[in-house]
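Here the structure comes first, spelled out in structure tokens, and everything after it is commentary.
The values are calculated or read from the model by the stated rules, or taken from the named source; none is laboratory data. On a predicted model such as this, the values are computed, not experimentally measured, just so you know. Cβ placement follows ideal geometry from the backbone for every residue including glycine, while neighbour counts extend to all protein chains displayed.
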Amino acid sequence: MAERYGHVAPTVVIFNKLLGRQPESVPAGIPQAWSDVPAGFWGYKEVMEASVYHAYKHVNGREIWK
């Protein structure tokens, strides 16, 4: 499962923050991009943010997917 992302996810979080990419959530209906990163994994939205193309807007310092 997400064992390998247990090491990658903290780095993804840092890069997302440096780039101002802080997702509020991943909307329902978005296909799961990685079979080994389940939606319940603590870094799921961060990994999805960094690896899935999407339109977004910023609201109160957070990113909302369109």
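Check the stretch 45-63 and report whether any residue there is touching a helix residue (DSSP H, G or I) at 6+ places or on another chain (Cβ under 7 Å), assigned to a helix (DSSP H, G or I) and modelled with pLDDT under 85. Checking the stretch 45-63: not a single residue is touching a helix residue (DSSP H, G or I) at 6+ places or on another chain (Cβ under 7 Å), assigned to a helix (DSSP H, G or I) and modelled with pLDDT under 85. Listed by first and then second residue, the pairs with beta-carbon distance under 9 Å, at least 6 apart or on different chains, first residue in the stretch 23-44 and of a type in the set (Asp, Glu), second surrounded by 13 or more Cβ atoms within 10 Å (Cβ to Cβ) and part of a loop (DSSP other than H, G, I, E, B), are Asp36/Ala2.
Of everything listed in (1) of a type in the set (A, V, I, L, M); (2) exposed (fewer than 11 other Cβ atoms within 10 Å of the Cβ); (3) under 11 Å from the mean Cα position of the chain (by Cα), the single unmet condition for Ala33 is (2). Contact map, the stretch 45-66: first residue more than 15 Å from Gly20 (Cβ to Cβ), second residue surrounded by fewer than 18 Cβ atoms within 10 Å (Cβ to Cβ) and basic (Lys, Arg), Cβ cut-off under 6 Å, separation 6 or more or different chains; pairs are Ala55/Lys66.
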